[in-house]
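For reference, the structure discussed in these notes is given below.
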Amino acid sequence: MNFFFDRCLSRRLARMAAALEDGVHTILHLDDDERFTTTTRDTEWLATLGGDNPPWIVVTGDTHILTKTVERNALSRANLMFFVMSHSWCKLPIDEQVWKFFKVWPDILKAARTETPTIFEVGGRNPLKVSRLERSRP
């Protein structure tokens, strides 16, 4: 599987996950993808990822993608599997984000095996869990 982390999550976190999954899954951070710059809008990278084959699975801390109409429509058109960290997640200190992320990572992998693009929320409080929000629609 191919996982794509956006800028709302640490580049170092993505690189740790890539090191853990080396040879098993591809993991890339937005800032490590040469197709994008620091000014690339969410709608642009979502559309680009939606056209890639095999498809990417997005991991983000940006809850606004689900609440802003333009971004929400871009996500829907891209038809991507999407994991959004809960609102409280990005307020945690980085060391707490890291250990919690890797504790819930097996659940993210399991949920990512869903056959159809789905939107999931990853909760950062107790219990750490991955919850299905809805199926993405093109």
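The values are calculated or read from the model by the stated rules, or taken from the named source; none is laboratory data. If you're wondering where the values come from, they're calculated on a predicted model, not measured in any experiment. Heads up, the Cβs are rebuilt from the backbone with ideal geometry, glycines too, and the neighbour counts pull from every protein chain shown.
For the range 1-36, which residues satisfy the criterion of being of a type outside the set (A, V, I, L, M, F, W, C), more than 20 Å from residue 90 (Cβ to Cβ) and modelled with pLDDT of 95 or more? Steps first, please.
Start the filter on the range 1-36 by keeping residues that are of a type outside the set (A, V, I, L, M, F, W, C), which leaves 2, 6-7, 10-12, 15, 21-23, 25-26, 29, 31-35.
Subsequent filtering for residues that are more than 20 Å from residue 90 (Cβ to Cβ) retains 2, 21-23, 25-26, 33-35.
2, 21, 25, 26, 33, 34, 35, listed by residue number.
Give the residue, chosen from 27, 94, that is touching a residue at least 60 places away in the same chain (Cβ under 8 Å), out of contact with any Ser or Thr (no Cβ under 6 Å at 6 or more places or on another chain), within 16 Å of residue 10 (Cβ to Cβ) and not charged (D, E, K, R). It would help to see each step written out before you state the result.
On the way: 27 fails: touching a residue at least 60 places away in the same chain (Cβ under 8 Å).
Exactly one residue qualifies, and that residue is 94.
Restricting to the range 99-131, name every residue that is more than 16 Å from residue 2 (Cα to Cα) and part of a helix (DSSP H, G or I).
99, 100, 101, 102, 103, 104
Considering the range 49-80 alone, what residues qualify as being of a type in the set (D, E, K, R), farther than 20 Å from residue 31 by Cα and in a loop (DSSP other than H, G, I, E, B)?
Result: 68, single match.
Scan the range 11-41 for residues that are within 12 Å of the chain's Cα centre (by Cα) and over 15 Å from residue 105 (Cα atoms) and jot them down.
The answer is 28, 29, 30.
Got a sec? Which of 52, 95 is exposed (fewer than 15 other Cβ atoms within 10 Å of the Cβ), among the acidic types (Asp, Glu) and out of contact with any strand residue (DSSP E or B) (no Cβ under 9 Å at 6 or more places or on another chain)?
After ruling out the rest, the residue left standing is 95.
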